[in-house]
1. Tell me, 64, 29 in order of fewest to most beta-carbon neighbours within 10 Å?
2. Taking just the alpha-carbon atoms of the stretch 10-68, what radius of gyration and Dmax come out, in angstrom?
3. Most exposed first by the Cβ proxy, i.e. fewest other Cβ within 10 Å, how do 44, 12, 59 rank?
């Protein structure tokens, strides 16, 4: 029997995307999640204690988001 280790919920997918060393853009979030409100999903993670930061690229339009889980969790 085959068991999938892929993230199951939108928040699980977003946690994986934000935890990458390269971070993710809001466009990547929209493409990766079946949600039209990616910023609401970011707010949900903030409510769970995640630290969400971003870096503005030189075009002054694109933000790269990064996430750090709350202390004591993986």
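Derivation of every value follows stated rules applied to the coordinates shown; laboratory data play no part. Predicted model only: the values in this text are computed from it and were never measured. Cβ: placed from backbone, ideal geometry, glycine included. Neighbour counts: every protein chain shown.
1. Ordered from fewest to most neighbouring Cβ atoms within 10 Å, 64, 29 come out as 64, 29.
2. Here Rg and the maximum Cα pair distance are 10.6, 31 Å.
3. Placing the least packed residue first, the sequence is 59, 12, 44.
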